[in-house]
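One structure below.
What follows draws every value from the coordinates through simple rules; no lab data is involved. Treat the numbers as computed from the prediction; the structure is a model and nothing was measured.
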Amino acid sequence: MSRPILATIDLPSLRHNLARVRVLAGQARVFAVVKADAYGHGLRRILPALMPADGLALLDLTDAEYARGAGYGGRILLLEGAFDAEDCRVAARLGLDVVVHCDEQLAALDALPGGAQVGVFLKLNSGMNRLGFREAEFRRARERLDGHRAVRSLTLMTHFAGADESLGVDAQRERFARAAEGFSGPVSLANSAALIAYPDTRGAWVRPGIVLYGATPFADRSAASLGVQPVMTLSSRVIAVQCVEAGGHVGYGQTFTARQAMRVGVVACGYADGYPRHAPTGTPVIVDGIRTRTVGRVSMDMITVDLTPCPAAGVGTTVELWGARLPVDEVARPAGTVGYELLCALAPRVPVAVSDVADCASGAG
Ligand SMILES: *Cc1c(COP(=O)(O)O)cnc(C)c1O
């Protein structure tokens, strides 16, 4: 038997979330954001469920090439644009859309051979100070791209720094409106958080990522309250049980001390699997279908869990680290991070199973 850890990718949930996003998007078209190997879910595994999306947004040409090879005919947007002139030529050959956020990328468009074209998403730095032209340069770039022989279509875009928090989007939205004055073509502003919290920012194209995977971009609104379902479930089993006496310690650094005698389960999942090492004692975990907590430090290959509420649990008992019954966001929060990071950090050593209704021989799906 192999080590019992397993990540299961539930395609019906992904389809459900895409349908939910479509409702939220209204008239806007949907770029399914699949960067970081589809937020750790594996682009190759999930593409079948995303075929109905109007577009895919990603970073790597190789992923774009894969999607085209798999028959994906929708728009494909390179979110960081082309990294050099050669990339730009490949993007044209594959029929891609590219973000253009700097002068070097404008020059790469000028250098495209005659007949080669890309769709351009011209990016305004509206205040995040990450990618994009500042207002004055943005206007100049707009003029330069207007009617450019290498530009198949022009969309104006920006990205919000804080649609997920109390920051709001007002200042950025105003800057964008100013910079887009006189432009009647398509615009794209909204990530998951803006799509939900500021539906008037939807524009022609929305760019949701995290909600497609069934996690939340908000600190104070659960994924379930947004109507989406977890796509990834990380599960494992108890591989040992320790009866710890009162006053006994658990794990590296002896950071946990048992106040009374207790059973502790050792679970085959550690930080080398992608479980956050900073998850403190008390991080929720589901053992034998019962919600309990971690105790002591996360180690490379194992975590230790409190079996007090699960008296029937023993070696072999199933454990859910996050997923269908335990939102990844509830594990991320005590660890001082976000669901995004846990999903993306699923380690290559974890085997992955794809679950789809078509696979359910029992017909129960
Ligand atoms: C990652 C990303 C998104 C998706 O963000 P979510 O918070 O996952 O919805 C949208 N737009 C851009 C430019 C991004 O980099």
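Okay, here's what the table says:
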read-out	value
Helix 170-179 vs. the chain, principal-axis angle (Cα, 0 to 90°, nearest 10)	20
Relative contact order for the chain, counting Cα pairs under 8 Å that sit 6 or more residues apart, in percent	18
Using alpha-carbon coordinates, inclination of helix 11-25 to the longest axis of the chain, degrees	50
Shape call, the stretch 240-299: gyration tensor on alpha carbons, a/c limit 1.5	oblate
Residues with amide H under 5 Å from that of SER355, placed H, sequence gap 5 or more	ILE9, ASP10, LEU11
Shape call, the stretch 193-316: gyration tensor on alpha carbons, a/c limit 1.5	prolate
The stretch 1-61 shape via C-alpha gyration tensor axes, a/c threshold 1.5	oblate
For the stretch 284-292, Karplus couplings with θ = phi - 60° (6.51, -1.76, 1.60), whole Hz, Gly/Pro x	x, 7, 10, 10, 6, x, 10, 6, 9
Estimated [θ] at 222 nm from DSSP helical runs (n ≥ 4, -39500 (n - 2.57)) normalised by residues in the chain, nearest 500	-7000 deg cm²/dmol
Calculated SAXS-style log₁₀ I(q)/I(0) at q = 0.14, 0.18 Å⁻¹ - the stretch 73-180, Debye, Cα scatterers	-0.53, -0.82
